[in-house]
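A short worksheet on the structure shown next.
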Amino acid sequence: MFDNDRLFKRDPEELAISRELYNEVAKLPIVSPHGHTDPQWFAENKNFNNATELLIKPDHYVFRMLYSQGIKLEELGIQRTDGGAVEQDSRKIWHVFANNYYLFHGTPSRIWMDYVFKAVFGFEISLDENTADYYYDKINQKLATNEFKPRALLDKFNIELLATTEHATDELKHHAKLKGTGLENTVITSFRPDDVIDPDHWNFSTSIVTLAEQTGEDISDWHGYLRALKARREFFIQHGATASDHGHPTARTANLSPTECQTLLNKVLAGSATAEERDLFRAQMLTEMAGMSLEDGLVMQIHPGVFRNHNQKLYQTFGTDKGCDIPVRTSYVDNLHPLLSKYGTESDLRIILFTLDESTYARELAPLAGHYPCLKLGPAWWFNDSPEGMLRFRHNVTETAGFYNTVGFNDDTRAFLSIPSRHDVARRIDCRFLAQLVAERRLPIDDAHTLAYDLSYRLAKEAYQRTK
Amino acid sequence: MFDNDRLFKRDPEELAISRELYNEVAKLPIVSPHGHTDPQWFAENKNFNNATELLIKPDHYVFRMLYSQGIKLEELGIQRTDGGAVEQDSRKIWHVFANNYYLFHGTPSRIWMDYVFKAVFGFEISLDENTADYYYDKINQKLATNEFKPRALLDKFNIELLATTEHATDELKHHAKLKGTGLENTVITSFRPDDVIDPDHWNFSTSIVTLAEQTGEDISDWHGYLRALKARREFFIQHGATASDHGHPTARTANLSPTECQTLLNKVLAGSATAEERDLFRAQMLTEMAGMSLEDGLVMQIHPGVFRNHNQKLYQTFGTDKGCDIPVRTSYVDNLHPLLSKYGTESDLRIILFTLDESTYARELAPLAGHYPCLKLGPAWWFNDSPEGMLRFRHNVTETAGFYNTVGFNDDTRAFLSIPSRHDVARRIDCRFLAQLVAERRLPIDDAHTLAYDLSYRLAKEAYQRTK
Amino acid sequence: MFDNDRLFKRDPEELAISRELYNEVAKLPIVSPHGHTDPQWFAENKNFNNATELLIKPDHYVFRMLYSQGIKLEELGIQRTDGGAVEQDSRKIWHVFANNYYLFHGTPSRIWMDYVFKAVFGFEISLDENTADYYYDKINQKLATNEFKPRALLDKFNIELLATTEHATDELKHHAKLKGTGLENTVITSFRPDDVIDPDHWNFSTSIVTLAEQTGEDISDWHGYLRALKARREFFIQHGATASDHGHPTARTANLSPTECQTLLNKVLAGSATAEERDLFRAQMLTEMAGMSLEDGLVMQIHPGVFRNHNQKLYQTFGTDKGCDIPVRTSYVDNLHPLLSKYGTESDLRIILFTLDESTYARELAPLAGHYPCLKLGPAWWFNDSPEGMLRFRHNVTETAGFYNTVGFNDDTRAFLSIPSRHDVARRIDCRFLAQLVAERRLPIDDAHTLAYDLSYRLAKEAYQRTK
């Protein structure tokens, strides 16, 4: 399972080319311009607790699969919002995971975990119920060493850049602490303002008050509100941010007059906005964010199309990010039209589009990115951050958008230890795709070498290094 | 064409693994938990008529293709609802089929037919206009023997379980007749209540009256109506049913109060319900059926997303199931939300979701089934019950839902003789898919063996054996 | 890159079969029943200007990719509608193209261009910034010769039939000029009435007046309007047309009474029709066109689902067809229902459906074409006229629609020199697909030979040679 040819196609010719391409990019530094690791790890540099705390509890890819097979989240030690009883015995939880590890066959979680076990912890035998204790003890032993402290792992993993994601009102204390450590250019933040521009965000009413306090602006005034947002963007830029990130339910944008915006803002702040008005507000705010990006140089990432917290009972008991966010059909062509009509021809603006609706790859996203100078396509995202998902991405977008309207790989993860594995999968799959083109005489081998380097390293660096 | 390596990928390594996996599952008993064979065949055990009556006239896959090329259904002997003249000469119809057999190149119908001709009837030469009579005579000869009686074929085909599908008001006489024959656990029924819960079902007004008569309930009372449905479910369970089946136009569900339900029922029975109200009624009834499933243990199958009888002229002349049912875009995330908000966390409930809209595989269905304990994914259905369709299913759902949120194969057919062929195709394609994972070092070979067995046999048994 | 095995799968068995099939069809005459070349070229038979004028400026596939990477259309010499300054130096423009030729890696434009450079112009070295002048001079040299005059190229390319596309009010002067030259059956027109049946067409108000003048009909009268359209169809048929073509935003059709039609026409002509009414008018007109096709035998092509001129600023500056037409989600099942309810069972009618929404291939289009006698599926279109696009088409439609409900290849291009390349790609990909079926024992080799011929040549001829 940890064969050096894993994930390559078996045709001898393609396999040989895949190897040749991969060998040159396998050890390139990791550029991770979008993700969700905790900056506190790197600021404080304390040892991680134990295998269960590090590898299971924070990983909703893992516990959602166990949950889908009838295992209660309480059995996995996931904290209830009401403080109700959940399993406290981390070893016991680890056993539940080990006993059910077969459920992950065919999933990327299994690929990442196997990599972590082998390449990070050095296991030679597989995880199952018989080896569960052996695994648990050995992992914990290692986690307690200096070699497995967060900053040491950054080195070990050859991470050149790691962007975390913070909400607009975050004080960025951990990033501030990194200044002067030599890591301030390695671990940077990204600006995620959903909580202050999406009236349906669970924390909107609180965050908007904080926003006013932090900036001293009158956020009930449309222009004051925009100034407050600009100030926060500037604050994030000072802490290393080169990108903003937007997780709206849809890709809808709008282009309203300032008067209309003021009216909408009034309703939103008064809590009297209808669902349609709140949606329109979000839509307008994406366009505003694009305008600010053009000014301050933050690269704008749009991650739309998820029905968050679909399982209401689970959400009520356990809160957000519990594996029940479900993608929905998404449209880009009509939805982005207002924004693109205003800013689409600006080649100094960069907007990176993501999707969980793969039917838009060839139909909408590749034609849009293959035309508009400001648009690039983000890599296969979330559920599609997987070997098959990445192959579908390349097969569906390349013919229309080419390679140079894409931006390399994002790991987008809070599972720190899986980062090398995820980048390794991406590099392998890209090399496999390029190898197929070479073998089928659709791409010269020399250009494939250049592209392998670009897709593994260069494009991610270039795409996200913007701020003026 | 009947090579033992058919449908396997040709890469030598994958081919060898495919063979190895397939050889262990090829001869496993057939479990067919959802289909449309006629229980009368097994109850009466009479010989089938002739090749045309058995293989062409009931198979809308076959005659729709001939029709699409300009051959009238009358020429194929398909009965008109007005009793108008149609071809009576079965041999002549067989010739039309034979002469046009080339039209089926590349279709699963051709694969199934070739299998039937070779493996069931022993033909060594291909069917075409020259061999049409030879085929026709030899098939009819065999059909007249004891060896080709329905019950003998159940044995010959190694069928362990065969579920038929009957409407809610069916008296299940044929299944009753099977009691005591030793076949009562082999040929079972399934509960399909569309005709009494879908106001737009062509037979709703008649069936609802029958329902009241059969159960003695006042079906104009919401609670009486629900009791009547429960009684019929119980009746079906007594005749072996372990599953219900729901063929609604969409996957919409609702969660109304009893008062709202009573109001809706009144309108539906009075024939005054609007299209939206009839749709809401269907939606509410799916949620009610889920509630009853939780109580009585019937596994709930949802088969949504078909525009039935799209060709109005054909429907008027020939009735339902004439090859003009056309899939439409289908949504699950919003539509199932009411039902899942009520019952989604119940791990004692089992709902199997099907689709004809493959864009929902990776986007909606795999994430839903990869989270909710009550949800499983049915196999590639109808038009996608084919080599390519099955491959797309596995490639698109496995990474998010894994293998164990799927339920093995359904043949879903009224073409009895094609059942071994259809299961053979499914087993081959699953082995091919597993072989690819093994070859690409994404799955250990030992686990692939287990999975081949599970996908071919065990999961279908487990998924459908519920009733308490 | 110009290997004789290009685009074939590398598996040795499939490769051998691909070669065997391809060798028999590689040199078949080209039948191009739908495209956008300029009939003036063939009428006047003048030499083409230079490489830039011929290969870059008219090819929106090429300049949209350069534009997406920040190169202004002015730098590429694309004419502004306001006559504003644009680059005039064709050699300089050629250099911009050559320097950025790497952007096209993985795109069909690169495949076509490489073919043109190698097979048409005889280059042995690749185009890049160093060879740009060499290329430019040599191409221009050749373009100035008799051998590269338009009619000579028709011969050289072995083009048996080339259909151009003209608007309904076109006077077809160039086609008239071809009469008696021996080319009148080679270069034919097609009837594209968007400008007189789509009220939102940019030229509708002008064209509708021309229509009245040309035909002498009172187009304000519904029946007069229809007569005028019939007259134009007849005029086109006299100039060789065998097909009509319809580029509506959606596939919506309608079936209104003549009174309703008259009311709608009144509003449309008065300019008072709402967006919905204009859409309904278009919808009704598709049904009318189908009715006329049934009478006069023109094959009806429907190319729906494009948001035209999405980039408003670009459209305002440069006009239509500038690479910013973006596909949108498209529906066929509901939309075509009115038309099919009226004419669907007519086997003397032929409607060829196209799509840019590949999610409809397996879900809607294949089931529709696999049933309705009047429907056929056009090949992978526009953005999907590419190796991957063609493979997706065959993989997704064949199992339900078979091969014989498809119509062979369309190049659909205004890039004359790319025609042999495009047909070559289509033939290679079809042979590759057939080879896979043969290798996997899903198709006998003899039938694959027949199919290779049919898909490369016969079906295109048959599908489009209708008029009575």
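Throughout, read-outs are computed from the coordinates displayed, never taken from laboratory work. Keep in mind the model is a prediction, meaning the values are calculated, not measured. So basically every Cβ, Gly included, is an ideal-geometry build from the backbone, and we count neighbours across all protein chains shown.
Over chain C, calculate the relative contact order: mean separation of alpha carbon pairs under 8 Å at least 6 apart, over the residue count, as a percent.
Result for chain C is 21 percent.
Provide the per-residue ³J(HN,Hα) series for region B:106-112, in order, calculated from phi with Karplus coefficients 6.51, -1.76, 1.60 and θ = phi - 60°, each as a whole number of Hz, with x at glycine and proline positions.
x, 9, x, 4, 5, 4, 5
From other protein chains only, count the Cβ atoms within 10 Å of every residue's Cβ in B:439-446, then give the mean.
Mean inter-chain Cβ contacts per residue within 10 Å come to 6.
Could you sort the peptides C:382-395, C:155-168, A:257-270, C:365-378 by per-residue average Cβ neighbour count (10 Å cutoff), highest mean leading?
C:365-378, C:382-395, C:155-168, A:257-270
Taking the rotation axis that maps chain C onto chain A, which residue of C brings its Cβ closest to that axis, and at what distance in whole Å?
Nearest-to-axis residue on chain C, with distance in whole Å, is C:359, 3.
What is the sum of charges around residue A:245, taking Lys and Arg as +1, Asp and Glu as -1, for the other residues whose C-beta is under 11 Å from the C-beta of residue A:245?
Net of charged neighbours comes to -2.
Cα gyration tensor of region B:48-146, axes a ≥ b ≥ c as square roots of the eigenvalues: rounded (a/c below 1.5), prolate (a/b > b/c) or oblate?
oblate
In debye to the nearest 20, how big a dipole does region B:43-97 give about its Cα centre with +1 on each Lys and Arg Cβ and -1 on each Asp and Glu Cβ?
Around 100 debye, computed over region B:43-97.
So the label point sits 7 Å from Cα along the Cα-to-Cβ vector; using that for residue A:84, what distances do you get to the other copies, in nanometres, sorted shortest first?
Those label-point separations list as 6.4, 6.4 nm.
Hey, which lysines would be in cross-link range of residue B:138, C-alpha to C-alpha under 29 Å, not counting anything within fewer than 8 residues on its own chain?
Straight-distance partners of residue B:138: B:27, B:46, B:57, B:72, B:92, B:118, B:149, B:156, B:322.
Taking a ≥ b ≥ c as the square roots of the eigenvalues of the Cα gyration tensor of the protein assembly as shown, is the shape rounded (a/c under 1.5), prolate (a/b larger than b/c) or oblate?
rounded
Put a point 7 Å out from Cα along the line to Cβ at residue C:23; what are the distances to that point in the other copies, in nm, shortest first?
Shortest to longest, the spacings are 3.5, 3.5 nm.
Just to be sure I understand the model, the point goes 7 Å from the Cα along the line to the Cβ. What's the resulting residue C:152 to residue B:138 distance in nm?
Result: 6.1 nm between the two label points.
Check residue A:189: other-chain or 5+ apart residues with amide H under 5 Å from its amide H, H built from backbone geometry?
A:164, A:241
With label points built 7 Å along Cα→Cβ from the Cα atoms of residue A:274 and residue C:129, find their separation and express it in nm.
About 5.7 nm separates the two model spin labels.
How large is ³J(HN,Hα), in whole Hz, for each residue of region C:237-247 in order, when computed from phi with the Karplus curve 6.51 cos²θ - 1.76 cosθ + 1.60 and θ = phi - 60°, using x for Gly and Pro?
Values, residue by residue: 4, 4, 9, x, 4, 10, 8, 10, 9, 9, x Hz.
On a full-extension model of 0.36 nm per residue, what is the gain between residue A:205 and residue A:80, subtracting their alpha-carbon distance, rounded to one decimal in nm?
Extra length available between residue A:205 and residue A:80 comes to 42.7 nm.
Mind jotting down the distance between the C-alpha centroids of region B:299-362 and region B:186-226, whole Å?
Spelled out, the Cα-based centre of one part sits 20 Å from the other.
Compute the label-point distances linking residue B:118 to its equivalents in the other copies; points lie 7 Å from Cα along Cα→Cβ; give nm, one decimal, shortest first.
3.8, 3.8
Enumerate the calculated ³J(HN,Hα) couplings along region A:139-152 in order (Karplus 6.51 cos²θ - 1.76 cosθ + 1.60, θ = phi - 60°), each rounded to whole Hz, writing x wherever the residue is Gly or Pro.
Couplings: 4, 4, 4, 5, 4, 7, 8, 4, 4, 10, 6, x, 5, 5 Hz.
Once you list every other residue whose beta carbon is under 15 Å from the beta carbon of residue B:90, what net charge do they have if Lys and Arg are +1 and Asp and Glu are -1?
That sum, taken over residues with Cβ under 15 Å, equals -4.
Straight-line reach from residue C:230: which lysines have a Cα under 20 Å away, not including same-chain ones fewer than 8 places off?
C:173, C:342, C:468
Using the beta-carbon distance between residue C:313 and residue A:312 and R0 = 45 Å, what value does 1/(1 + (r/R0)^6) give for FRET efficiency, to the nearest 0.05?
Rounded to the nearest 0.05, the efficiency is 0.50.
Based on the alpha-carbon gyration tensor of chain C and its eigenvalue square roots a ≥ b ≥ c, which shape applies: rounded if a/c is under 1.5, prolate if not and a/b is larger than b/c, or oblate?
It comes out oblate by the Cα gyration axes.
Return the calculated 222 nm mean residue ellipticity for chain C, to the nearest 500 deg cm²/dmol, obtained by summing -39500 (n - 2.57) across DSSP H runs with n ≥ 4 and dividing by the residue count.
-13500 deg cm²/dmol
Check which residues have an amide H placed less than 5 Å from residue C:301's amide H, if you skip close sequence neighbours.
C:244, C:245, C:246, C:352
Tally Lys and Arg at +1 and Asp and Glu at -1 over the other residues with C-beta under 12 Å from the C-beta of residue B:224: what net charge comes out?
Residues close to residue B:224 contribute a combined charge of -1.
Quick one: which residues, 5 or more positions from residue C:306 or on another chain, have an amide H under 5 Å from its amide H? H modelled 1.01 Å from N in the peptide plane, none for Pro or chain starts.
Under 5 Å from the amide H of residue C:306 lie the amide H atoms of C:328, each far enough along the sequence or on another chain.
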